[in-house]
Number of protein chains: 2
Amino acid sequence: MSDFPKFVEFHEEGPREGFQIEKTIYPIEQRVELIDLLSETGLKYIQVGSFVSPTYVPQMADTGELFNRINRKSGVNYTALWLNEKGFLKTLSANNVHIDSRLLFYTSDLFSQQNNNCSAIEMRERQRDWIVLYKEHGYKIETAYVMTAFGCNLEGEIPVERVLEDFRWVVRVCEETETPLPNLMIADTMGWGNPEAVKRMIGAVYEIAPGARVGMHIHDTRGLGIANLYAAMSMGVDLFESSIAGLGGCPFAGHGDARAAGNISTEDAVFLCHELGIETGIELDKLIVAAQKVEEIIGAPLMGRVMHSGGLDKYRRG
Amino acid sequence: MSDFPKFVEFHEEGPREGFQIEKTIYPIEQRVELIDLLSETGLKYIQVGSFVSPTYVPQMADTGELFNRINRKSGVNYTALWLNEKGFLKTLSANNVHIDSRLLFYTSDLFSQQNNNCSAIEMRERQRDWIVLYKEHGYKIETAYVMTAFGCNLEGEIPVERVLEDFRWVVRVCEETETPLPNLMIADTMGWGNPEAVKRMIGAVYEIAPGARVGMHIHDTRGLGIANLYAAMSMGVDLFESSIAGLGGCPFAGHGDARAAGNISTEDAVFLCHELGIETGIELDKLIVAAQKVEEIIGAPLMGRVMHSGGLDKYRRG
């Protein structure tokens, strides 16, 4: 049975997820302009950039400066990505930043080795230190992510039980440390999910963590992103991460290149919600303007659909 | 409750729907090569071109020659589009052609005026003549299409009842004329549908025509195409029209240009089916090869996703 939420919250990842993947470093003025446009849409969470190694990710080296330059809009939470303690401390020192403390779990050893130079189990144990670190600085943990929740290009299919292990760990450690349970985020990092798998996963997570707020980070690698969003919402999920214009993918990627793997497009996702009568607090027309700005910045056609076709309101008004 | 079919049939529309919309006329050799590649995928229905006015649609002027040149594969039905008696008679004279006799219904007067120079009701009455014409030539009616079934850019929202009127007409006239009921095709010509609207529509059509085979022609204008496919299949629908690589849309369309309105991509649709355990008789890898050929022909990135990312089998095999 369907149990759609009345209101769905979108966290915008485009400025970070999108520009991080591009080979070009785009002028900071353009990224400021985009973030300022996004601030006017009604989005309440915008991920501005990441505090990670400038050697490996030079595109994000000016994230601190970017935070200085944005025109902060009241009520909007500007966030950043970090992957270790050093990055977290750098994030703390940024202006205008909202610290959305998070825990990161890997279902795949190979992917964890690649990103963290340790096994998935070691990475999980490190999260105890992160909890202490966040508490020391007075932050509650907002979100616990389980990455490559449906499958991993390095390890293949991921069983539901593997994801549940991590979420059970979160539930147990939160109880032990008297920490409020964070949002439980199912991340389909490499686009392996399908609508039925999404529904099974969400059902299983609700079973082990009744009353938890469950969210999803969805990639549209194989074209099922919006169908997965629909399936998740039909299970009551009301929190999603998405990217303006579907940024993060690359239409110029060679065939079989993993770079063709953008997030679901924020404007297509919001369009779906509004068509289903689900509120988002976001103005679709303003999102479309921001999406078109991204396309102008990148200088190439992006994968979002509604940004090209427009919504339906103008036709309904007659 | 979900009632997914075990097997879903896809009718390929790319060679007609795709090249008809392009401003360029591509060499006939390239279109032959594409159709021959599609013939090897397991697809059983391929729409090769259309017999329409060469003045208005010069891209399709060589459809007869195209039919001569294809390497006809046994078991594959090569079809063509026609829009009036003259076109039908031209189609009859083509080589290698499968006549999939169809009836066309318009929910929107303005769209019917634009395409047929008559009202939707007049167009419906003309279908009586088409039934006679098809019978005279010994063809059964395969499909009855109701176009712009969810909404029309010219007339706005289309009520379900308006679609049902046409299908009721089909049921009644088929009874009167002792004609077997054709497939009832719900065409979202302009991309107004959403998954819940699709489910409501299909439920309503089953009610007025119990036992009928219902299909859908889905456009991905606003990014909901695959979600709509999923919703339709969850209602038991097992017949869809789609386009290789999502051909028919145009990533270079100006913002708000209706040309950004491709069909759902055959390979993304087939990928969804296989992930859900639904058979299609189609080899995904061969579809991807055909989709990449289309991109090579058009010389620009197309909107299909799986054609760029590949499927999951190679990762599952390890």
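Can you run down the residue pairs with Cβ atoms below 7 Å, 6 or more apart or on separate chains, where the first is in region A:42-53 and closer than 29 Å to residue A:279 by Cα and the partner is of a type in the set (Gly, Ala, Ser) and modelled with pLDDT of 95 or more?
Listed pairs, sorted by first residue: A:42/A:281; A:44/A:75; A:46/A:39; A:47/A:80; A:48/A:80; A:49/A:80.
Go through region A:145-171 and report how many residues are among the small types (Gly, Ala, Ser) and in a loop (DSSP other than H, G, I, E, B).
1
Which of the following residues is among the aliphatic types (A, V, I, L, M), at pLDDT below 95 and more than 19 Å from the chain's Cα centre (by Cα): A:154, A:164?
One residue alone meets the criteria, A:154.
Can you tell me which residues in region A:124-144 are surrounded by 22 or more Cβ atoms within 10 Å (Cβ to Cβ) and outside any loop (DSSP other than H, G, I, E, B)? Walk me through how you get there before you give the answer.
Residues of region A:124-144 surrounded by 22 or more Cβ atoms within 10 Å (Cβ to Cβ): A:141, A:144.
If the condition is that a residue be surrounded by 22 or more Cβ atoms within 10 Å (Cβ to Cβ) and outside any loop (DSSP other than H, G, I, E, B), then A:144 is the only one that fits.
Condition check ((1) crowded, with 16+ Cβ neighbours inside 10 Å; (2) among the charged types (D, E, K, R)) across all residues:
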| residue | (1), (2) |
| --- | --- |
| B:151 | yes, no |
| B:159 | no, no |
| B:163 | yes, no |
| B:166 | yes, yes |
| B:183 | yes, no |
| B:203 | no, no |
| B:207 | no, yes |
| B:219 | yes, no |
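If you take the residues in region A:7-23 that are in a loop (DSSP other than H, G, I, E, B) and among the acidic types (Asp, Glu), which one is surrounded by the most Cβ atoms within 10 Å (Cβ to Cβ)?
At the first step, the residues of region A:7-23 found to be in a loop (DSSP other than H, G, I, E, B) are A:8, A:13, A:22-23.
Right, trim to among the acidic types (Asp, Glu) and you get A:13, A:22.
Details: A:13: 25, A:22: 15.
Only one residue fits best here, namely A:13.
Would you confirm whether any residue within region B:24-38 is touching a residue at least 12 places away in the same chain (Cβ under 8 Å), surrounded by fewer than 18 Cβ atoms within 10 Å (Cβ to Cβ) and touching a strand residue (DSSP E or B) at 6+ places or on another chain (Cβ under 8 Å)?
Scanning region B:24-38, I find no residue that is touching a residue at least 12 places away in the same chain (Cβ under 8 Å), surrounded by fewer than 18 Cβ atoms within 10 Å (Cβ to Cβ) and touching a strand residue (DSSP E or B) at 6+ places or on another chain (Cβ under 8 Å), so the answer is no.
If you scan region B:152-180, which residues turn out to be more than 14 Å from chain A (Cβ to nearest Cβ), among the aliphatic types (A, V, I, L, M) and more than 17 Å from residue B:197 (Cα to Cα)? Spell out how you get there, then give the answer.
Here is the first cut: in region B:152-180, the ones more than 14 Å from chain A (Cβ to nearest Cβ) are B:160-180.
With the extra rule that they be among the aliphatic types (A, V, I, L, M), the set shrinks to B:160, B:163-164, B:170-171, B:173.
B:170, B:171, B:173, listed by residue number.
Quick one: in region B:185-201, which of the residues that are within 20 Å of the chain's Cα centre (by Cα) and in a helix (DSSP H, G or I) is surrounded by the fewest Cβ atoms within 10 Å (Cβ to Cβ)?
B:199
List every residue pair whose Cβ atoms lie under 7 Å apart, where the two residues are 6 or more positions apart in sequence or sit on different chains, the first residue falls within region B:175-194 and is at positive phi, and the second residue, located anywhere, is among the acidic types (Asp, Glu) and crowded, with 22+ Cβ neighbours inside 10 Å.
B:191/B:220
Determine if region A:63-77 includes at least one residue that is within 18 Å of residue A:134 (Cβ to Cβ) and either surrounded by fewer than 23 Cβ atoms within 10 Å (Cβ to Cβ) or of a type in the set (A, V, I, L, M, F, W, C) (or both).
yes
Among (1) modelled with pLDDT under 95; (2) assigned to a loop (DSSP other than H, G, I, E, B); (3) over 20 Å from the mean Cα position of the chain (by Cα), where does residue B:71 come up short?
It is condition (1) that residue B:71 fails.
Determine, yes or no, whether residue A:80 is in the same structural domain as residue A:40 (by TED's automatic domain parsing), in contact with a strand residue (DSSP E or B) (Cβ under 8 Å, 6 or more places away or on another chain), among the small types (Gly, Ala, Ser) and over 15 Å from residue A:45 (Cβ atoms).
Judged against the criteria, residue A:80 is not a match.
Using the structure shown, decide if residue A:108 is of a type in the set (Ser, Thr, Tyr) and in the same structural domain as residue A:165 (by TED's automatic domain parsing).
Yes, satisfied.
Looking at region B:104-120, which of its residues are out of contact with any strand residue (DSSP E or B) (no Cβ under 8 Å at 6 or more places or on another chain), surrounded by 15 or more Cβ atoms within 10 Å (Cβ to Cβ) and assigned to a helix (DSSP H, G or I)?
Across region B:104-120, the qualifying residues are B:109, B:113.
Please list, ordered by residue number, the helices (runs of 4 or more DSSP H) wholly in region A:229-318 having 2 or more residues that are modelled with pLDDT under 95, within 7 Å of chain B (Cβ to nearest Cβ) and surrounded by 17 or more Cβ atoms within 10 Å (Cβ to Cβ).
A:306-309
A quick yes/no check of all residues on (1) modelled with pLDDT of 95 or more; (2) among the polar types (S, T, N, Q); (3) assigned to a helix (DSSP H, G or I):
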{"site": "A:2", "(1), (2), (3)": "no, yes, no"}
{"site": "A:5", "(1), (2), (3)": "yes, no, no"}
{"site": "A:25", "(1), (2), (3)": "no, no, no"}
{"site": "A:38", "(1), (2), (3)": "yes, no, yes"}
{"site": "A:59", "(1), (2), (3)": "no, yes, yes"}
{"site": "A:67", "(1), (2), (3)": "yes, no, yes"}
{"site": "A:75", "(1), (2), (3)": "yes, no, no"}
{"site": "A:78", "(1), (2), (3)": "yes, no, no"}
{"site": "A:83", "(1), (2), (3)": "no, no, no"}
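Check B:149, B:209 and return the single one that is under 19 Å from the mean Cα position of the chain (by Cα) and either within 14 Å of chain A (Cβ to nearest Cβ) or of a type outside the set (D, E, K, R) (or both).
Working: B:209 fails: under 19 Å from the mean Cα position of the chain (by Cα).
Selected residue: B:149, the only one of B:149, B:209 that is under 19 Å from the mean Cα position of the chain (by Cα) and either within 14 Å of chain A (Cβ to nearest Cβ) or of a type outside the set (D, E, K, R) (or both).
Condition check ((1) farther than 26 Å from residue A:187 by Cα; (2) touching a Lys or Arg at 6+ places or on another chain (Cβ under 9 Å)) across all residues:
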position	(1), (2)
A:6	no, no
A:37	yes, yes
A:49	no, yes
A:65	yes, no
A:77	no, yes
A:86	no, no
A:96	yes, yes
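The values are calculated or read from the model by the stated rules, or taken from the named source; none is laboratory data. Note that the coordinates shown come from a computational prediction; the quantities given were computed from them, not determined experimentally. So basically every Cβ, Gly included, is an ideal-geometry build from the backbone, and we count neighbours across all protein chains shown.
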